[in-house]
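Everything on this sheet refers to the single structure shown next.
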Amino acid sequence: MDKSEILLNWIQQLTSEISQRPIFIGINGPQGCGKSTLTSSLVKFLAEKNLKAVSLSIDDFYLTRK
């Protein structure tokens, strides 16, 4: 089992233990380490499990649309 599977299983366990409450998960790391890729995978995985998820980047708040 690789690290991403461990993380996904942990999140799935959290969602089953906490019903009807949002869960906020922060992911940080240096530029280019795969944060966006991991987040995208998490959102897809959770959707497959019929769980709603959104991702938000700090870039969404301080960079313009350009």
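The values are calculated or read from the model by the stated rules, or taken from the named source; none is laboratory data. Treat the numbers as computed from the prediction; the structure is a model and nothing was measured. All Cβ positions, even for glycine, are placed from backbone atoms using ideal geometry, and neighbour counts span all protein chains on display. Remember, those area values only see protein heavy atoms, side chains included, never the ligands or the DNA or RNA. Shrake-Rupley method; radii C 1.70, N 1.55, O 1.52, S 1.80 Å.
With contributions of -39500 (n - 2.57) from each DSSP H run of at least four residues, the per-residue ellipticity at 222 nm computed over the chain stands at -15000 deg cm²/dmol. Panel values: the chain, Kirkwood radius from alpha carbon pairs, Stokes-Einstein at 20 °C and 1.002 mPa s, translational diffusion coefficient 161 µm²/s. Restricting the stretch 4-61 to chymotrypsin sites (Phe, Trp or Tyr not before Pro) that sit in a DSSP loop and have at most 16 other Cβ atoms within 10 Å of their own Cβ leaves PHE24. When a 1.4 Å probe is rolled over the protein heavy atoms, the share of accessible surface on the chain that falls to carbon and sulfur comes to 53 percent. Label positions at ILE27 and TYR62, each projected 7 Å from the Cα along the C-beta direction, are separated by 2.0 nm. Phi-derived couplings, Karplus 6.51 cos²θ - 1.76 cosθ + 1.60 at θ = phi - 60°, listed residue by residue for the stretch 47-59: 4, 5, 8, 6, 10, 7, 8, 9, 10, 9, 10, 4, 4 Hz, with x used for Gly and Pro.
Shown is the FRET efficiency for VAL54 and MET1, computed with R0 = 35 Å from the Cβ-Cβ distance and rounded to the nearest 0.05: 0.85.
Using the crude model of +1 on Lys and Arg Cβ and -1 on Asp and Glu Cβ, and no other charge, please compute the dipole size for the chain relative to its Cα centre, in debye to 20. Walk me through the intermediate numbers first.
Numbers: 8 positive and 6 negative charges, 48 e Å.
In total the dipole reaches around 220 debye.
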